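Note sheet for the following structure.
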Amino acid sequence: MNKIILKEHFSTNVVKLEVEAPLIAKSRRAGHFVIVKVGEKGERIPLTIASSDVEKGTITLVVQKVGVSSAKLCSLEAGDYITDVVGPLGKATHIEKFGTVICACGGVGTAPMQSTNASTDSLGQAL
């Protein structure tokens with residue numbers, strides 16, 4: 001079980017969750033995702049890790065409420081627990097320093113773009 005540390009509404013249907021997950025926060029890279037499940041019989045939902053804080057041991061997820069499972073996740077509050085958070089999964093994005101780069105994104109897809117920010121990788125390490 002992973003505790004929700006912070007919940008912030010971006011809009012009526014989009015929520016930012018900061019979740020306690022120290023091992024995931026330590027090992028994740030840009031492009032990785034997690035699988036979350038709310039409740040023992042809940043559906044498994046893949047979510048991109050928007051950012052992490054190794055010192056706090058947290059990961060940030062941005063969730064858009066579109067169905068029953070995402071609605072359950074969005075209904076949780078700070079202090080509540082997510083039944084399962086598994087990850088990091090997937091292939092990390094290859095990042096090199098090329099100079100100035102423009103990244104285009106929209107909607108909830110903007111969240112993962114934060115982790116490829118400027119001259120640092122997803123863990124804040126200089127490239």
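Derivation of every value follows stated rules applied to the coordinates shown; laboratory data play no part. All values reported here derive from a predicted model rather than from experimental measurement. Every residue, glycine among them, receives a Cβ derived from its backbone with ideal geometry; neighbour counts consider all protein chains shown.
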Figure the gain on full extension for residue 14 and residue 91 (residue separation times 0.36 nm, minus the Cα-Cα span) and round it to one decimal in nm.
-> 25.2 nm
Expected sort for 18, 77 with the fewest Cβ neighbours (10 Å cutoff) up front is 77, 18
Starting from the Cα-Cα distance between residue 54 and residue 40, subtract it from 0.36 nm times their residue separation and give me the gain in nm to one decimal.
-> 2.2 nm
Return the FRET efficiency for the residue pair residue 23, residue 66: r is the Cβ-Cβ distance, R0 is 25 Å, and the value is rounded to the nearest 0.05.
-> 0.30
Alpha-carbon Rg/Rh ratio, for segment 2-116, with Rh computed the Kirkwood way | 0.97
Would you tally the net charge around residue 2, using a Cβ to Cβ cut-off of less than 9 Å, leaving residue 2 out, and scoring K and R as +1, D and E as -1?
-> -1
Flagged links, alpha-carbon separation over 22 Å, of 56/97; 7/56; 37/65; 65/91; 3/56 | 56/97; 65/91
